[in-house]
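To start, the structure itself, in structure tokens.
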Amino acid sequence: MSELSGNKKKKVVLGFSGGLDTTYCAKYLSEDLGYEVHSIIVNTGGFSEKELEDIEAHARRLGVTSHVTVNAVENYYDSIVKYLVFGNVLKNNTYPLSVSAERLSQALHIASHAKALQADAVAHGSTGAGNDQVRFDMIFHIMIPGMEIITPIRDQKLSREQEITYLKGKKVNMNFEKSVYSINKGLWGTSVGGRETLSSRGSLPESAWPTQVTKHDTEEISLGFVRGELKSVNDQSFDHPSRAIQHLQGIAGAYGIGRDIHVGDTIIGIKGRVGFEAAAPIVIIKAHHALEKHVLTKWQLGWKDQLAQFYGNWLHEGQILDPVMRDIETFFESSQQHVTGKVYVQLQPYRLQVTGIESPYDLMSSKFGTYGEMNTGFTGEDVRGFSKIFGNQTAIYHKIKEANA
């Protein structure tokens, strides 16, 4: 038991989603281990107000001492998602890091709450089979060093059936029916896991996707970027980019855009497959990248691509607090100074096409020439001399090689 002298219970902060695993944790921590449980849910864009109210009511029925709901949507965008846009980050050229980015935001808020409450321990419901356990543990070790981390599901190697038996024995009333598909929704996309993603072959059926395809026509939209951030959709302005993202999701999601299956390397060394739908993230990244190709120089684009690949991989592996991430974010911020303009995107079922951009910083300006036709910056004679000089070292190499053959 965790009671101290004077009958004072130890405090534990529990990251709580209201699902089976965290419901088990709430009961086990309070009734079996004797902790004073303080639950917290961090909303990164995946819950409605009604869902959040229901989750709090569920936590209260389980007997938690306190429950906190953190609206982290804007902070999640400002601290993480913004840089995924600036870097055009798609892990393995496919996945917009929907869940991995979300978990880091949640872990940071849980750690801050545990610190503020001066808790004795912090707990999460991760199993021992995935990435989330590493992300949560690592953030806690850094943010609240020395605080005990309790993970009942992982430590006891519990099956779903064992959790249900335990909770029924505690007279817990909840829906124990498991959905055929595991769905995790957030601002930056929705993951979908099921039996088809457990092996190397198989695609998700239409019915498995949370957003069904209801639009079958062609629609052109315009996205307005200011310094790399999405500020307007179809000339409708938003006070924060997170709301522009949510608005765009409502438009593009019904086309089935952004659906795919990601195959990747987990932090713990195994490969995994997961389905996802991320209409707004994919449209934004493709549009933002198109705008960048017009307004950034060759080497700005080249170095951004290299840094973005590292940034995405390191973030996926939970290393958001590594100071190198702040260094890369500073580079990203600097690179976005002129990424301002409007991008036109054509939406069709299951696909999109960027049809063009307008920007005062467009380097494809006709003032300096037209590619393949004419140029006003230099003459043909200039190019003749440049070509000779530009290839001079390689020419010398081949002459020396030939002379010594």
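Compute the Cα gyration tensor for segment 75-156, then decide on rounded, prolate or oblate, letting a ≥ b ≥ c be the square roots of its eigenvalues: rounded whenever a/c is under 1.5, prolate when a/b is larger than b/c in the other cases, and oblate in all that remain. Can you show the working numbers first?
Values: a/c = 3.24, a/b = 1.57, b/c = 2.07.
It comes out oblate by the Cα gyration axes.
Can you pick out the pairs among K11/K178; K82/K293; K185/K342; K27/K157 whose Cα atoms lie more than 24 Å from each other?
K11/K178; K185/K342
How far apart, in nanometres, would the label points at L321 and Q346 be if each is projected 7 angstrom from Cα along the Cα-to-Cβ direction?
According to this spin-label approximation, the distance is 4.9 nm.
Return the sequence-ordered ³J(HN,Hα) values of segment 24-38 in whole Hz as given by the Karplus equation 6.51 cos²θ - 1.76 cosθ + 1.60 applied to θ = phi - 60°, using x for Gly and Pro.
4, 4, 4, 5, 5, 5, 7, 8, 9, 9, x, 7, 8, 8, 10
Using alpha carbons only, how many degrees (0 to 90, rounded to 10) separate the axis of helix 132-143 from the longest principal axis of the chain?
Helix 132-143 sits at roughly 90 degrees to that axis.
Which percentage, to the nearest 5, of the DSSP beta bridges contained in the chain is antiparallel? Write down the numbers at each step before the final one.
Details: 39 of 56 bridges.
Close to 70 percent.
Once both labels are modelled 7 Å past Cα along the beta-carbon direction, what's the Y397-D78 spacing in nm?
Taking the simple label geometry, Y397 and D78 are separated by 5.0 nm.
Given points 7 Å out from each Cα along the Cα-Cβ axis, report the Q236 to K115 separation in nanometres with one decimal.
In this crude spin-label approximation the distance works out to 3.9 nm.
To test your reading of the geometry: what angle, between 0 and 90 degrees and rounded to tens, separates the Cα axis of helix 392-403 from the longest principal axis of the chain?
80 degrees
Which ³J(HN,Hα) values in Hz, rounded to whole numbers, follow from the phi angles of segment 104-117 under the Karplus curve 6.51 cos²θ - 1.76 cosθ + 1.60, where θ = phi - 60° and Gly and Pro get x?
Each residue's phi maps through the Karplus curve to give 5, 4, 5, 4, 4, 5, 5, 4, 5, 5, 4, 5, 5, 7 Hz.
If Lys and Arg each add +1 and Asp and Glu each add -1, what is the summed charge of the other residues whose beta carbon sits under 14 Å from the beta carbon of F390?
Numbers: positive: R384, K388; negative: D382.
Computed value for this residue: +1.
At 1.4 Å probe size, with every protein chain present, just tell me what the per residue accessible area of the chain comes to in Å². List each step's numbers first, then the result.
Numbers: 20890 Å² over 405 residues.
For the chain, the per-residue accessible area is 52 Å².
Decide, for the chain, between rounded, prolate and oblate: order the square roots of the alpha carbon gyration tensor eigenvalues as a ≥ b ≥ c, take rounded if a/c falls under 1.5, and otherwise choose prolate if a/b is larger than b/c, else oblate.
Values: a/c = 2.33, a/b = 1.94, b/c = 1.20.
Prolate shape, in that a/c is at least 1.5 and a/b is the bigger ratio.
Based on C-alpha coordinates, I'd like the Rg and Dmax of segment 255-351, in Å.
My reading of the Cα-based Rg and Dmax gives 15.7, 42 Å.
Counting Lys and Arg as +1 and Asp and Glu as -1, what is the net charge of the other residues whose Cβ lies under 12 Å from the Cβ of L108?
Values: positive: R103, K115, R135; negative: E102.
Spelling it out: positives minus negatives among the neighbours equals +2.
Report the calculated FRET efficiency for Q246 and T127 (r = Cβ-Cβ distance, R0 = 35 Å), to the nearest 0.05.
Working: r = 30 Å, r/R0 = 0.86.
The calculated FRET efficiency here is 0.70.
What do you get for the angle between helix 160-169 and the principal long axis of the chain? Use alpha-carbon atoms, 0 to 90 degrees, nearest ten.
In the chain, helix 160-169 runs at an angle near 30 degrees to the longest axis.
Which whole-angstrom value gives the distance between the alpha carbon centres of segment 155-212 and segment 280-299?
35 Å
The values are calculated or read from the model by the stated rules, or taken from the named source; none is laboratory data. Computed from a prediction, not measured in an experiment: that's the story for all the values here. Quick reminder, even Gly has a Cβ in these numbers, built from the backbone with ideal geometry, and neighbours come from all protein chains shown. Areas reflect the complete protein model, heavy atoms only, side chains present, ligands, DNA and RNA absent. Shrake-Rupley method; radii C 1.70, N 1.55, O 1.52, S 1.80 Å.
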